[in-house]
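Below is one structure; the comments refer to it alone.
Nothing in this text is a laboratory measurement; each read-out follows from the coordinates by a stated rule. No experiment lies behind these values; they were computed from the predicted model shown. Cβ placement follows ideal geometry from the backbone for every residue including glycine, while neighbour counts extend to all protein chains displayed.
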Amino acid sequence: MNKIAVSILNCDFGELSREIEMVNSSVAEWFHLDIMDGVFVPNISFGFPVVQAVKKKAAKPLDVHLMITAADRYIRDFKEAGADWLTVHYEACPHLHRTVQNIKQEGMKAGVSLNPHTPVSVLEDIVGDVDMVLLMSVNPGFGGQAFIENTYDKTMRLKEMITRKGAHALIQVDGGVDIKNIAQLAEAGVDVFVVGSFIFRAENPVQTIRELTNKQ
Ligand code: DX5
Ligand code: ZN
């Protein structure tokens, strides 16, 4: 069974309550919330009021993906807004070990994300300390982009590293995931799939989430 984290980036924000109810009533495991600052990535998404609004109605954990610089400043704020999982970017955190410690100290699960060009080898000395590694399978900033094929190989290299180190980090893939690539990604070792536009473009999102979950 594939675990789906639904990215609300491309949902209908005018109907946010209805979109949250849709995810609640589906077999998806998590809500995935993309926070963009217009500096680390060339787009601005949403901030604390939206995270709080989702938390109020969500019946599932909130998986918050920070695409921002100076993440350390906001760790406690995201905890208070309702984040259960907090993922930061390797490329945006010069003191990544400290950032990961701070996230855990606030009582959240800690994730680290890699951009498509960043090799998994940079995680050798931190993979044992994180709860999840998020591999970006598009360049972060926008929903609806084409999946980068190198992600299969990258997932296998990460899986090998996690096993070799005796680590327990989950592998998450984010960007361009759909019904055509999900089975091969699962085969490569992905544990959690972030899916956005493929779900919100579908005529029956709840059914689509079920199909993605069951696709072997
Ligand atoms: C991209 C975001 C993704 C995005 C995924 O920067 O991190 O979570 O919303 O959306 P799709 O599934 O549309 O690629
Ligand atoms: Zn994301």
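Just a few scattered comments:
- Whole-Hz ³J(HN,Hα) from phi, Karplus 6.51 cos²θ - 1.76 cosθ + 1.60, for the stretch 119-127, glycine and proline x: x, 5, 4, 5, 9, 2, 9, 9, 4
- Phi to ³J(HN,Hα) by Karplus 6.51 cos²θ - 1.76 cosθ + 1.60 over the stretch 40-49, Hz, x for Gly, Pro: 5, 10, x, 7, 10, 9, 8, x, 4, x
- Counted charge near Val122, where neighbours are those whose Cβ lies closer than 13 Å (Asp, Glu -1; Lys, Arg +1): -1
- Kirkwood analysis of the Cα pair distances in the chain returns a hydrodynamic radius of 17.1 Å.
- Environment charge at Ala169 (Cβ cut-off 12 Å; Lys +1, Arg +1, Asp -1, Glu -1): 0
- In this structure, Ser25 and Arg164 have a Cβ-Cβ separation that, at R0 = 45 Å, corresponds to a calculated FRET efficiency of about 0.65.
- Ellipsoid equivalent to the stretch 1-78 - semi-axes via the Cα gyration tensor, in Å: 22, 13, 12
- Computed over the chain: relative contact order in percent, which uses C-alpha pairs under 8 Å that are six or more apart: 23
- Normalised contact order of the stretch 115-205, rounded percent, pairs of Cα under 8 Å and 6 or more residues apart: 31
- Per residue of the chain, the DSSP helices (runs of n ≥ 4 H) give a summed -39500 (n - 2.57) that works out to -9500 deg cm²/dmol at 222 nm.
- Only lysines eight or more places from Lys159 in sequence, or on another chain, were considered; those with a Cα closer than 28 Å are Lys3, Lys60, Lys104, Lys109, Lys180, Lys215.
- For the pair His117 and Phe13, a Förster radius of 45 Å applied to the C-beta separation gives a FRET efficiency near 0.90, rounded to the nearest 0.05.
- Of the GluC sites (Glu not before Pro) in the stretch 55-153, those whose Cβ has at most 13 other Cβ within 10 Å and which sit in DSSP loop: Glu124, Glu149
- Stretching the chain fully between His97 and Ile44 yields a gain of 16.5 nm (0.36 nm per residue, less the alpha carbon separation).
- Charge tally for Phe40 (other residues, Cβ to Cβ under 14 Å; Lys, Arg +1; Asp, Glu -1): -3.
- Across the stretch 25-33, rounded Karplus estimates of 3J(HN,Hα) from the backbone phi angles (6.51 cos²θ - 1.76 cosθ + 1.60, θ = phi - 60°) give 7, 9, 8, 4, 8, 9, 8, 10, 10 Hz, Gly and Pro being marked x.
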